[in-house]
Amino acid sequence: MLCLGGLWTKKGYKRELNSSNSCFLVLSPDYGASILGCGCFWQILEEAHITLLMIHPDYQRQGLGQLLLYGLLHNAVKNQLERATLEVRVSNQSALSLYQKFGFQLAGRRKGYYQKTGEDALILWRGDLHLPQFQTDLSNWWPQISDRLHQNNWQLDWKK
């Protein structure tokens with residue numbers, strides 16, 4: 001995908017789709033013929049390690065990233081996971097803002113994490129996914145996400 005710059009291979013994506021330890025979500029306007037974005041987490045014990053959250057550049061800032069992150073966290077709760085973590089580029093201010101909206105906190109820094117650029121990654125952490133307050137947070141976020149999508153003329157058709 002254009003927004004990743006070739007981070008994973010086609011084989012890597014297929015592996016994630018087929019893994020019982022992965023939750024892989026795809027945003028597509030035409031049931032998979034084209035992809036606007038995707039998100040993935042690995043279930044490691046009680047943790048959702050978010051490995052991907054990407055939106056095609058032509059569709060960013062329309063609420064789709066919020067939708068994917070919401071979907072990942074919703075699935076983490078469904079799988080009875082207790083926390084979520086991820087790495088994000090230090091320079092990716094829009095992603096940092098999104099993660100902060102969802103309660104992620106800074107947990108550390110990985111020096112030179114991104115091999116192509118040598119850029120550092122920030123490690124973000126979100127705990128308490130298993131607590132009732134987080135269920136309330138999810139419920140409160142949904143109308144905001146839904147409104148944002150509606151403002152950008154997106155309609156949802158969930159395929160489960």
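The numbers here are math on the coordinates, done by the rules we state, and not lab data. Note that the structure is a prediction, hence the values are computed from the model and not measured. In this analysis, Cβ positions are derived from the backbone assuming ideal geometry, glycine residues included, and neighbour counts consider all displayed protein chains.
Each Lys or Arg adds one and each Asp or Glu takes one away; over the other residues whose Cβ falls under 13 Å from the Cβ of W141, this sums to +1.
Database remark: amide H of S22 closer than 5 angstrom to the amide H of Q43 (H placed geometrically; neighbours at sequence offset of 5 or more, or on other chains; Pro and chain starts carry no H). A viscosity of 1.567 mPa s and a temperature of 4 °C, combined with the Kirkwood radius over Cα pairs in Stokes-Einstein, give a translational diffusion coefficient for segment 57-97 of 110 µm²/s. Which chymotrypsin sites (Phe, Trp or Tyr not before Pro) does segment 84-160 hold that lie in a coil by DSSP with at most 11 other beta carbons within 10 Å? Taking segment 84-160 and a limit of 11 other Cβ atoms within 10 Å, the loop chymotrypsin sites (Phe, Trp or Tyr not before Pro) found are W158.
Please list, by residue number, every one of the trypsin sites (Lys or Arg not before Pro) in segment 21-101 that is coil in DSSP and has at most 15 other beta-carbon atoms within 10 Å.
Values: sites: R61, K78, R83, R89, K101; in loops: R61.
Counting only loop positions with at most 15 other Cβ atoms within 10 Å, the trypsin sites (Lys or Arg not before Pro) in segment 21-101 are R61.
Hydrophobic, long helices, defined as DSSP H runs whose alpha-carbon span along the helix axis is 20 Å or greater and whose mean Kyte-Doolittle value is at least 0.0, occur in the chain at 64-78.
Pairs of lysines in segment 10-151 whose Cα atoms sit within less than 29 Å of one another amount to 11, provided the residues are eight or more positions apart or on different chains. Computed from label points 7 Å out along Cα-Cβ, the spacing between A107 and S139 is 2.7 nm. Quick check on segment 31-160: take the gyration tensor over C-alpha atoms, sort the square-rooted eigenvalues as a ≥ b ≥ c, and tell me if it's rounded (a/c under 1.5), prolate or oblate. Oblate is the answer for segment 31-160, as a/c is 1.5 or above yet b/c matches or exceeds a/b. Spacing of the modelled spin labels on Q100 and K116, each 7 Å from Cα toward Cβ, amounts to 2.6 nm.
Quick one: L25, L124, L131, fewest Cβ neighbours within 10 Å first, how do they rank? Walk me through the numbers before you get to the answer.
Working: L25 19, L124 22, L131 12.
In order of increasing Cβ crowding within 10 Å: L131, L25, L124.
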